[in-house]
2 protein chains.
Amino acid sequence: PPGRKVLIVYAHQEPKSLNGSLKRVAVEELSKQGCSVTVSDLYAMQFEPRATRNDIVGCLHNSEEFNYGMETWEAYKRGGLSSDLIEEQRKVQEADLLIFQFPLYWFSMPAIMKGWMDRVLVQGFAHEFPNCYDSGLLKNKLALFSFTTGGSREMFAKGGISGDIRYLLWPMQHGIMHFCGVKVLAPHICFAPEYASEEKRKEMLIAWAQRLKTLWEEEPINCSPEWYFK
Amino acid sequence: PPGRKVLIVYAHQEPKSLNGSLKRVAVEELSKQGCSVTVSDLYAMQFEPRATRNDIVGCLHNSEEFNYGMETWEAYKRGGLSSDLIEEQRKVQEADLLIFQFPLYWFSMPAIMKGWMDRVLVQGFAHEFPNCYDSGLLKNKLALFSFTTGGSREMFAKGGISGDIRYLLWPMQHGIMHFCGVKVLAPHICFAPEYASEEKRKEMLIAWAQRLKTLWEEEPINCSPEWYFK
């Protein structure tokens, strides 16, 4: 609906890929609805995935023994995080909905996107004990994981050789998003597009556009072990 | 035992950290046994986690539409991967045992280590359909995930707020190592060392050294959904 803000965190090297097209479809459809859409195109930004001392501007809280979690927490509180992190945090803060668009790499997101999670969602900003899970600091936001797989739907079925696809969503949806208080919409999964016909790939794009039309009416999943491992 | 080769892939910024000490303990104990031990110290190496066109030397197989999986597979076959990847693959090839030592970041490994998985374990080297899972190309090797957590043992218990710690091992142990044919030893987990006394932290190091003394007698876990989600 008009006025809603969406951040798409996008990790694919090739604009012509299906991931690139899925990202474009989302920008177009959500803009058409009157949403304001921002894209963090991680490869184009050459986003830094490594969690290092460079993320803290100025002196360290404890320069004797570097503790990344402690240092970024302290730096966040005094406004001393590196500018790329402050910029990403600003985008997250403004967003009502976060969409993560990526190809599944090794049952998870590509390292460049994992680095976005590791570096952007620092303590003080996204969580601060005991404000985690349902009381995480990013509550009232929604997240949606939209990704493509190499393996087929059959491989990722319960009893399939790769196991129920929901098993691998636990760290991303529960361990990261739910921990920060973010409510999670059902994932959007395109299975094995590399082995699909051009027509099937077009259908995948149409299905995504269709889903986005009524996305704001969706209820979040019940992010408990039952959803994942039942 | 004498002659066995071990590769420790290590991801912590601070040598004085518990992770740094756990790594040192492993090098010492395994060397004492007569093993030959190699360490990939990812932060010290400033290891590149991003999967990009730079990983392929020379011309692309398809420069019209960049496909990382396809391009690295083709480059592997013609010896055209970047030199840092060739070097890591050589270390993996020689190793009987891979130990991954890291602090748990967001229910998974730090991005710098995920980048090692994304970039080193390319098709052709680690797997090549249908040679995956039990017939993966790295069969006859062992792997062990050794890590520290922020959350307590209680939080990571079955029924705890973060769920059974085994849930989050599925993508790493099954999705990555088992996919490549590697057999997985039981994980080694130090819960919440930041909140432990100096004495407790010393006990953690001693326990790790003790386990390593009889490591070669251990049987791999049964890497099936039952182990993870029973």
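The values are calculated or read from the model by the stated rules, or taken from the named source; none is laboratory data. A quick note: this is a predicted structure, and the numbers were derived from the prediction, not measured. Note that each Cβ is placed from the backbone with ideal geometry, even for glycine, and that neighbours are counted across all protein chains shown. To get the accessible areas, we keep the full protein, side chains included, count just its heavy atoms, and leave off ligands, DNA and RNA. Shrake-Rupley method; radii C 1.70, N 1.55, O 1.52, S 1.80 Å.
As an exercise: evaluate residue B:140 against (1) closer than 20 Å to residue B:93 by Cα; (2) out of contact with any Phe, Trp or Tyr (no Cβ under 9 Å at 6 or more places or on another chain); (3) not in a loop (DSSP other than H, G, I, E, B) and give the number of the one condition it does not meet. Failed condition: (3).
Considering only segment B:49-57, I want to know if a residue exists there that is open to solvent by 50 Å² or more (accessible area, probe 1.4 Å) and under 21 Å from the mean Cα position of the chain (by Cα). No, segment B:49-57 contains no residue that is open to solvent by 50 Å² or more (accessible area, probe 1.4 Å) and under 21 Å from the mean Cα position of the chain (by Cα). Among the residues of segment B:168-210, those that are part of a strand (DSSP E or B) and under 16 Å from residue B:22 (Cα atoms) comprise B:188, B:189, B:190.
Condition check ((1) touching a strand residue (DSSP E or B) at 6+ places or on another chain (Cβ under 7 Å); (2) surrounded by fewer than 24 Cβ atoms within 10 Å (Cβ to Cβ); (3) at pLDDT below 95) across all residues:
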position	(1), (2), (3)
B:77	no, yes, no
B:80	yes, yes, no
B:83	no, yes, no
B:87	no, yes, no
B:90	no, yes, no
B:93	no, yes, no
B:105	no, no, no
B:110	yes, no, no
B:119	no, no, no
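Yes or no: residue B:156 more than 28 Å from residue B:50 (Cβ to Cβ), in contact (Cβ under 8 Å) with a residue 24 or more places away in the chain and within 11 Å of chain A (Cβ to nearest Cβ)? It is true that residue B:156 is more than 28 Å from residue B:50 (Cβ to Cβ), in contact (Cβ under 8 Å) with a residue 24 or more places away in the chain and within 11 Å of chain A (Cβ to nearest Cβ).
Within segment A:171-201, the residues that satisfy the criterion of being without any contact (Cβ under 8 Å) to a residue 24 or more places away in the chain and either open to solvent by less than 50 Å² (accessible area, probe 1.4 Å) or not basic (Lys, Arg) (or both) are A:175, A:196, A:197, A:198, A:199. Figure legend. Inter-residue proximity from segment B:202-230: first residues without any contact (Cβ under 8 Å) to a residue 40 or more places away in the chain, second residues open to solvent by less than 70 Å² (accessible area, probe 1.4 Å) and in a helix (DSSP H, G or I), beta-carbon distance below 6 Å, spacing 6+ or different chains. No pairs are indicated.
Which residues, taken from segment A:82-130, are under 30 Å from residue A:161 (Cβ atoms) and free of Cβ contacts under 8 Å to residues at least 12 places away in the same chain? Selection gives A:105, A:106. Of the residues making up segment A:92-102, those that are within 20 Å of residue A:25 (Cβ to Cβ) and either over 12 Å from the mean Cα position of the chain (by Cα) or among the aromatic types (Phe, Trp, Tyr) (or both) are A:95, A:96, A:100, A:102. Residues in segment A:16-69 that are within 11 Å of chain B (Cβ to nearest Cβ), outside any loop (DSSP other than H, G, I, E, B) and either among the hydrophobic types (A, V, I, L, M, F, W, C) or closer than 30 Å to residue A:123 by Cβ (or both): A:18, A:53, A:54, A:55, A:68, A:69.
The lone criterion from (1) free of Cβ contacts under 8 Å to residues at least 24 places away in the same chain; (2) away from chain A (no Cβ under 14 Å); (3) part of a helix (DSSP H, G or I) left unmet by residue B:79 is number (3).
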